[in-house]
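Computed from the coordinates by the stated procedures, all read-outs in this text should not be read as laboratory data. These figures come from a predicted structure and were not determined experimentally. Cβ sites come from the backbone with ideal geometry, for glycine too, and all protein chains shown count toward neighbours.
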Amino acid sequence: MCGIVGLVKFHYDVTSHEVLSMKNMLEEINYRGPDGEFYHINGREAFGFCRLAINDITHGHQPFANHDESIIVMVNGEIYNYHDLKSKLKRKRAFRSRSDCEIALYLYEDYGINFLNFLNGMFAISILDKVQQKLYLIKDRFGIKPLFYNFTGERIIFASEIKALLQYPNCPRTFDWMEALSDSWLAGHVSNNITPVGSFFSGIENIPGGHYIEVNLRNKTVNTKEYWNITKIPIHHLSKNKIIEKYINLLDTSSTKCLMSDVDIGLFLSGGIDSVSIGHFVAKHTEINSFSVVSRSTIINGDAEYALKAAQHYHFNEHFADFNEYTMDYSIDDWKSLLWLCESPYCSAEQLYKYHLHKFAKHSNPNIKVILTGQGSDEFNGGYSQLFSERDPAWATFMQSLKILDKNKEKNLLNDPINTWDNLFQGSLLKNNFFKTKNNPYLNYVYSKYR
């Protein structure tokens, strides 16, 4: 995973006590990067990086700095197209490592913040530009890698996890109950939701996916800027066969690029079409250890059987984890620990099972640091269509359910009295054409899943 923390002051140099606080921040999340801790401390800035070494185990240490240390960069993530990006550099550089992340430093030197348009990967990036007197905190397009910050008129602190920020003495630590209780997903409301996701802590900001913040160190201001938005992607009207062809090519390319690693790679193999498809493409390039769950549910629904068949067909080194609800004992403390790791009320049985499957994989093969998984693909491939259509195979029934989700999303924006009256009457007082939506219900469903 890797973890980053940082402190930038606006008026005075960092003190020894503040450096200690910054180191405590990194220590709080050092499980993200058990392969080494590294620091950059100079004047008004103090940065820390804990590394999970995947590419160039020996030399890929961070933070990265240019020749005169006027630009300091930290990257948590992977840049899958870094080989191709070297050809975009305007002048040759003497790379100090084979790390995919080092390319971010030199691309920024050549293109400024516009370098983000070139990146293909998952990342949280911090860039301190001393010449421009700016600090950038950047999230990848899907917001996969976490990054939070707290800003005052005297300083800004940032970190990969909230618990790290809470190690800084004057960081606010009040849970935002209003934000949590009004979130339609947490409340179980049958509705789409495409609003930005917060941190659930007052005064701690979560940078949205496809955005970055620009901190002007001269006038002490923070601006949030968007560089990518899923809702602005043009809708292409392609033939069915062309869509299938392009989809297969994208999935093949993406799966192959995720094999970029100097350490062992594993695959969570559920037996479903998502993970089996990934396994199909990666099996052409490397040997894979696959990990599957055997439980009462995976036996009944056939997942365990098909996982075994897929592993045998592709010659995976298969491992089966026994998830028996009668022998697996979960206490309240287990759930508290998991919530502490997730840092979000979005913590459910799925996170519990994935957590223990990761532990099983690590125990089975200690050299594994990368896991491929089909998680998230159902949301964008109609995988829940039967769930929303009462198992009626007709797409029209699914779309009718999505219209209800979309209508409820709009109702949530109304004031309470209207919403309350509408809920009192069977059949609803408000007709569907009362609501003006920008997109069709299916797109809003996809955007809600993106959230």
(message) Just to confirm a number: summing +1 for Lys and Arg and -1 for Asp and Glu over residues other than S239 whose beta-carbon lies under 13 angstrom from that of S239, what do you get?
(response) +2
(request) Take every DSSP beta bridge whose two residues both sit in the range 1-138, then give the antiparallel share in percent to the nearest 5. (result) 95
(request) Enumerate cysteines in the chain without a disulfide-compatible partner, where compatibility requires another Cys Cβ under 4.7 angstrom. (result) C2, C50, C101, C171, C258
(request) Find the relative contact order for the range 240-375 and round it to a whole percent, using C-alpha pairs within less than 8 Å whose residues are 6+ positions apart. (result) 32
(message) Amide H of N66 versus every other amide H placed in the peptide plane: which residues, excluding those fewer than 5 positions away on the same chain, fall under 5 Å?
(response) I71
(request) Quote the relative contact order of the chain in percent (integer), defining contacts as alpha-carbon pairs under 8 Å separated by 6+ residues. (result) 12
(request) Take E350, project a point 7 Å from its Cα along the Cβ direction, then tell me which residues of the range 245-271 have their backbone nitrogen under 18 Å from it. (result) 268-271
(request) Per DSSP H run of n ≥ 4, the term is -39500 (n - 2.57); total these for the chain, divide by its residue number, and report the mean residue ellipticity at 222 nm rounded to 500 deg cm²/dmol. (result) -9500 deg cm²/dmol
(message) Order 86-94, 347-355, 365-373, 208-216 from most to least packed using the mean count of other Cβ atoms within 10 Å.
(response) 208-216, 365-373, 347-355, 86-94
(message) Using only alpha-carbon positions, what ratio does the radius of gyration of the chain give when scaled by 2.2 N^0.38 Å?
(response) 1.05
(message) Using a Cα-Cα cut-off of under 12 Å, which aspartates and glutamates could be cross-linked to K220, ignoring same-chain neighbours fewer than 8 residues away?
(response) E154
(request) With label points built 7 Å along Cα→Cβ from the Cα atoms of T15 and S331, find their separation and express it in nm. (result) 4.1
(message) Ratio of alpha-carbon Rg to the 2.2 N^0.38 Å globular estimate for the range 75-167, to two decimals, please.
(response) 1.16
(message) If a paramagnetic tag sat 7 Å from the Cα of V197 along the Cα-Cβ line, which residues of the range 323-367 would have the backbone N under 11 Å from that point?
(response) 343-347
(request) Give the calculated FRET efficiency between V263 and Y442 to the nearest 0.05, with a Förster radius of 35 Å applied to their Cβ-Cβ distance. (result) 0.30
(message) Taking θ = phi - 60°, what integer Hz values does the Karplus form 6.51 cos²θ - 1.76 cosθ + 1.60 yield along the range 20-27, in sequence order, with x for Gly and Pro?
(response) 4, 4, 5, 5, 5, 4, 5, 4
(message) Quick one: 3J(HN,Hα) in Hz for the range 166-181, Karplus 6.51/-1.76/1.60 with θ = phi - 60°, rounded, Gly and Pro as x.
(response) 5, 7, 7, x, 9, 6, x, 9, 9, 5, 8, 5, 4, 5, 5, 6
(message) Students often get this wrong: which residues of the range 243-261 have the backbone nitrogen under 16 Å from the point 7 angstrom along Cα-to-C-beta of H280?
(response) 243-256
(message) Given contacts defined as C-alpha pairs under 8 Å and at least six residues apart, what's the relative contact order of the range 3-231, whole-number percent?
(response) 20
(message) Run the simple label-point estimate for H358 and D322 please: 7 Å along Cα→C-beta, distance reported in nm.
(response) 2.5
(request) Please give every one of the aspartates and glutamates within straight-line cross-link reach of K130, meaning a C-alpha to C-alpha distance under 16 Å, and leave out same-chain neighbours fewer than 8 residues apart. (result) D13, E45, D68, E69, E109, D110, E214
(request) Positive end of the charge dipole of the chain (Lys, Arg +1 and Asp, Glu -1 on Cβ, about the Cα centre): tell me which of V293, F115, Y31 has its Cα farthest that way. (result) F115
